[in-house]
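Taking it in order: structure first as structure tokens, then the write-up.
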Amino acid sequence: MNQLIERIRNNFTESIQTKINSADSIINIIAEASEEIVQALLEGHKILCCGNGGSACDALHFSSEMQNRFRHERPGLPAIALTADLPTLTAIANDYHFSDIYAKQIRIIGQSGDLLLAISTSGNSTNIVNAIKAAHDKNMGVIALTGFDGGKIVEHLQEKDIEIRVLAQDTSRIQETHLLILHCICDIIDYRLFGHGETKYE
């Protein structure tokens, strides 16, 4: 039992340390990305999000916080997780290719001024790279959550895009930090659009 307790304690410690190590390098970038999302929402645009595996769950998590609420009562905000529609995902993968499951959706529902929130721990997923290309074709900005060295995604980001890279080498630690980043973004959105929590950190 002591061995199990120590393993669990180590997981907590590593997760906390990854967040501490990442903080200084990405806090300003998170703020910039949050402001970009706030501006898009103010201008009547929407946020499209996508990822694979755990990152697909993060995309769903973000869209649910946006459409429903984060901490406080507020109107729902337009965010769509491209990972949610299983019939569409499987139809595209079956009739065309798995690498097109997000790009094809973006070409249909993406509009100029919308933002793509692309989540990938490795940065090397072909369907995420293709989603970024499709977003650019629609004149959409991109906010990419990555890890490791950023992967192939970095090669396809434009000057106006924002990459939030978690400087870690463990997928689970990166995913845990991605979730914290998404919660930070949700908090800033609520604060900037609705004044929620205006005195909490003062």
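The values are calculated or read from the model by the stated rules, or taken from the named source; none is laboratory data. Remember, predicted model here, so these are calculated numbers, not experimental data. In this analysis, Cβ positions are derived from the backbone assuming ideal geometry, glycine residues included, and neighbour counts consider all displayed protein chains. Just so you know, the surface numbers come from the protein's heavy atoms only, side chains and all, with ligands and any DNA or RNA stripped out. Shrake-Rupley method; radii C 1.70, N 1.55, O 1.52, S 1.80 Å.
Odds and ends about this structure:
- Potential lengthening between His183 and Gln111 on full extension [0.36 nm per residue; Cα-Cα distance subtracted]: 23.4 nm
- Annotation note: GluC sites (Glu not before Pro) in the stretch 143-198 located in DSSP loop regions with a Cβ neighbour count of at most 10 within 10 Å are Glu159, Glu198.
- Three principal axis lengths of the stretch 1-113 [C-alpha, angstrom, descending]: 53, 37, 29
- For Arg165, the residues 5 or more places off, or on other chains, whose built amide H falls under 5 Å of its own are Thr146.
- Cut-off 14 Å, label 7 Å out along Cα→Cβ of Phe194, residues of the stretch 46-83 by amide N: 64-79
- Residues within the reach of a label modelled at Ser172 (point 7 angstrom out along Cα to beta-carbon, backbone nitrogen below 16 Å), restricted to the stretch 41-61, are 54-55.
- Loop-located GluC sites (Glu not before Pro) in the stretch 28-113 whose Cβ has at most 11 other Cβ within 10 Å (DSSP): Glu43, Glu73
- Lysines with Cα under 23 Å of Lys46, excluding same-chain neighbours fewer than 8 positions away: Lys104, Lys133, Lys138, Lys160
- Within a Gaussian network of the chain (alpha carbon springs, distance under 10 Å), most fluctuating of Ala93, Ala56, Ala135: Ala93
- Each listed q (0.12 Å⁻¹) maps to a log10 I(q)/I(0) for the stretch 96-197 from the Debye sum over equal C-alpha point scatterers, namely -0.42.
- Under the simplified labelling scheme, the Glu35-Asn2 pair shows an inter-label distance of 5.3 nm, with each label point 7 Å from Cα along Cα→Cβ.
- For the chain, the solvent-accessible area works out to 52 Å² per residue, with a probe of 1.4 Å and every protein chain left in place.
- Here, P(r) means the percent of Cα pairs in each 5 Å bin from 0 to the largest distance; for the chain it is 1, 8, 16, 19, 20, 16, 10, 6, 3, 1, 0, 0.
- Loop-located chymotrypsin sites (Phe, Trp or Tyr not before Pro) across the stretch 112-202 with a Cβ neighbour count of 13 or fewer within 10 Å are Tyr201, with loop assigned by DSSP.
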